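Reading through the structure tokens given below for one structure.
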Amino acid sequence: SYTVSSELRAELRPYQLQGVKWLAGHYNDGFGACLADDMGLGKTLQTIAFLLYAKEQKNKSAQSPAQLDLFQSHTGSEPLTALIVLPASLIFNWRIELSKFAPSLFVCSHTGPKRGKDTRALASHDIVLTTYHTVRQDLELLSRIRWHVIVLDESQMIKNRTSEVAKGVLSLEADNKISLSGTPIENSLSDLWSQME
């Protein structure tokens, strides 16, 4: 059963707590999830609360304590290795919310012309923030990492499953995948197909 992480620096409203419990239940059952609600209801906070839970669960299930090395999480625990894919305009907002609500998570942004190309360095982070455009450009690099969780924010960006961006994002491997959207259906029910996939 889900309990709010002591690392979360926020109080969840009852409907947000329900959302996180729902995400945690799907995670525990090995299913992905699509969290779609109106703008401003706290999808980002719910996701951050879930990511803290996922990290705790991942560390609980680790067979033996890992040796801390240069590429391990700064906390000494096993890194979560979550990839969050989002529009470039939201990178700054996610960084602020992560530092405010979950300062214990080790976060990096994989964007811009000077972004690193070292898979071990990327995989040593709890959270890697990147854009849909960067996934398309760095697909070969990002495909070499076995992600524990992949989160797609504004997942309607992949509604056209024949686009290069959608094909790239959908090809990435992860133990758990979550899509987030305030507008999951913009034109027709077929918009949901790749988001649910």
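The values are calculated or read from the model by the stated rules, or taken from the named source; none is laboratory data. Keep in mind that this is a model prediction, so the values were computed, not measured. All Cβ positions, even for glycine, are placed from backbone atoms using ideal geometry, and neighbour counts span all protein chains on display. Remember, those area values only see protein heavy atoms, side chains included, never the ligands or the DNA or RNA. Shrake-Rupley method; radii C 1.70, N 1.55, O 1.52, S 1.80 Å.
In the stretch 169-197, how many residues are in a helix (DSSP H, G or I), surrounded by fewer than 21 Cβ atoms within 10 Å (Cβ to Cβ) and at pLDDT below 90?
5
Based on this model, can you work out whether Ser64 counts as modelled with pLDDT under 95, buried (at least 18 other Cβ atoms within 10 Å of the Cβ) and over 21 Å from Cys34 (Cα atoms)?
So Ser64 does not fit the description; no.
Considering each residue of the stretch 5-59, count those that are among the aliphatic types (A, V, I, L, M) and under 15 Å from Pro103 (Cα atoms), and give that number.
Total meeting the criteria: 7.
Checking Val128 against (1) open to solvent by less than 70 Å² (accessible area, probe 1.4 Å); (2) touching a Leu at 6+ places or on another chain (Cβ under 8 Å); (3) in a loop (DSSP other than H, G, I, E, B), which test does it fail?
With respect to (1) open to solvent by less than 70 Å² (accessible area, probe 1.4 Å); (2) touching a Leu at 6+ places or on another chain (Cβ under 8 Å); (3) in a loop (DSSP other than H, G, I, E, B), Val128 is out only on (3).
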